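K.L.:
This structure is in structure tokens; I'll ask about it shortly.
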Amino acid sequence: MTDRHTERLGTVPVGRLLRELSLPAILGMLVHATYNVVDGIFIGRGVGSDALAGVTVAFPVQMMSFAIVVLVATGGSALFSIYLGARREEDALRCLGNSYLSIVVLCLSFAAVVLLFRDEILRAFGGGPTILSYASTYITIILPFGVFMGFQVLGENFTRAEGNARKAMESITLSSIVNVSLDWLFIFPLGWGVAGAAWATVIAQLVGSAYLANYVFRHSRRLRISLSHLRPDFGVLRRIYAIGFSAFSRQVTFSVQSLFLNNSVVAYGGESALAILGILMRIFMFIVLPVFGILQGMRPIMSYNYGACLYNRARQSLKYGILGATATLTVGFLLVQLLPLTIMGIFTTDPVLIEQGARVLRITTIVLPIISVQIVGAASFQAIGKPGYALVFSVVRQVLLFIPLLLVLPLFLGLDGIWLTYPVSDVLAMVATGIFIKRVWGRLPHTDGAPGEEGL
């Protein structure tokens, strides 16, 4: 069974192929990032800064649910591409089926556990009496329907792994348009507040997942599975989880980081500083998400060519990935450094928040372009099936660097020490990742066709 989308991964020039696969993903990510920004604007202006702070508290819990999805989607799609490159097509379909099965079991189990201890968890993430009700309302609606998000993200990753990035972009665009439209309707005319924002997200994810399910199960030639492929295969599941664990860890460590960060921000700056942090997170997401669009284009190229023992093409995808990510982050860097007041003013009319937030925005993004090395490097280890390295460099910044600096710098610099933790940890993570990119990739064969050090 051959397919022109998949075969092109090993034949079309890498630079051109990366552009073709990344541009739809980047556009989709920009649409998704725009939704997150608009969501913050609607909550900040339509409900208030306390509501924005409440959603900020709920966000790390939501990201833990997303971490489960990323575990399966990233590991499953990378393994799927490696199997396709090695012409092991039945294994690839078994990987797809087991990924869908995992999403259902893991997402529903996580939602049940979190809702059982909801208020205790939200208090741990900095939810004080004023904002706890907003966080609780939001998370109670979002989590039980997390399986829809899982199906959508899984479908996006596997259609890209198949070599068809357009369908993934269409799904993201469709769900984002639905989300923004319903956000406005539920928050302003209907006055549903934070609950409206949550229901808008749930409905949008349902629409996006349904759109992709229609393609995956009815129209795709490479992604069609039978009931036998849904039968648990623990060998395949172990590989999916091993490869995806680094991406999972990155998301979980973000939540762990948020546990320390939210509480530190409240301790040194109060709930107004927490509202600023919520705005910053949305701005960061808008800037960084296009980089993940580049990674979505890079991973299937890298995985397929690694599986096919075309190592020079795999190396080229790494080089172009870093260059593209650096260029993208540089544009974001220039915008936030030149227009911080304007950007902050989009989210709030409070002049104090605008002025303080603009200063914080400049501090936290001062070395933004260099984080491309750390992001792309960790993704490359994942794409070629080296979960140990991928795991280390997915968590090195958030846990080994960010949290210790977060605990130490504010002791000497107060609230500014919290904001300076961002650039300092970014520089150190970039240096460490760069060293190991050279080491890991240098060990791979320099001749195409020779089996890799670890094989399949």
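Laboratory data are not the source of any read-out in this text; all were calculated from the coordinates shown. Note that the structure is a prediction, hence the values are computed from the model and not measured. Please note: Cβ atoms are built from the backbone with ideal geometry, for glycine as well, and neighbour counts cover all protein chains shown.
K.L.:
Can you classify the range 1-136 as rounded, prolate or oblate using the Cα gyration tensor, where a ≥ b ≥ c are the square roots of its eigenvalues, rounded means a/c under 1.5, and otherwise it's prolate if a/b beats b/c and oblate if not?
P.N.:
Details: a/c = 4.42, a/b = 1.78, b/c = 2.48.
It comes out oblate by the Cα gyration axes.
K.L.:
Helix 234-307 against the longest principal axis of the chain: what's the angle in degrees, Cα atoms only, rounded to the nearest 10?
P.N.:
Roughly 10 degrees between the two axes.
K.L.:
Here is a further query. To the nearest Å, what is the center-to-center distance of the range 364-418 and the range 22-88, using C-alpha atoms only?
P.N.:
19
K.L.:
Then there's this: Hey, got the dipole for the range 26-443? About the Cα centre, +1 on K and R Cβ, -1 on D and E Cβ, debye to the nearest 20?
P.N.:
Roughly 1740 debye for the range 26-443.
K.L.:
Taking the mean number of other Cβ atoms within 10 Å as a proxy for protection, how do you rank 304-316, 70-82, 86-98, 330-342 from highest to lowest?
P.N.:
Order by mean packing, descending: 70-82, 304-316, 86-98, 330-342.
K.L.:
In degrees between 0 and 90, to the nearest 10, how far off the longest principal axis of the chain does helix 415-443 point, with axes built from Cα atoms?
P.N.:
Helix 415-443 and the main axis of the chain meet at about 10 degrees.
K.L.:
Something else about it: Within 10 Å, count the other beta carbons around each residue, average over each peptide in 420-433, 264-277, and list them highest first.
P.N.:
264-277, 420-433
K.L.:
Under a plain spin-label model, where a point goes 7 Å from the Cα along Cα-to-Cβ, how far apart in nm are S109 and I366?
P.N.:
In this crude label model, S109 to I366 measures out at 4.5 nm.
K.L.:
Hey, another quick one. For the Cα atoms of the chain, what angle does the longest principal axis make with the long axis of helix 194-218, in degrees from 0 to 90, nearest 10?
P.N.:
That helix lies at roughly 10 degrees to the long axis.
K.L.:
From the helices alone, meaning DSSP H stretches of at least four residues, give me the mean residue ellipticity at 222 nm for the chain, per-run term -39500 (n - 2.57), in deg cm²/dmol to the nearest 500.
P.N.:
Taken over the chain, the calculation gives -28500 deg cm²/dmol.
K.L.:
For a quick protection proxy, order the peptides 372-379, 211-218, 23-30 by their average other-Cβ count within 10 Å, most packed first.
P.N.:
Per-residue Cβ counts within 10 Å, averaged per peptide and sorted highest first, yield 372-379, 23-30, 211-218.
K.L.:
Between Y241 and A210, what is the label-point separation in nm under the 7 Å Cα-to-beta-carbon projection?
P.N.:
Using points 7 Å along Cα→Cβ, the separation is 3.3 nm.
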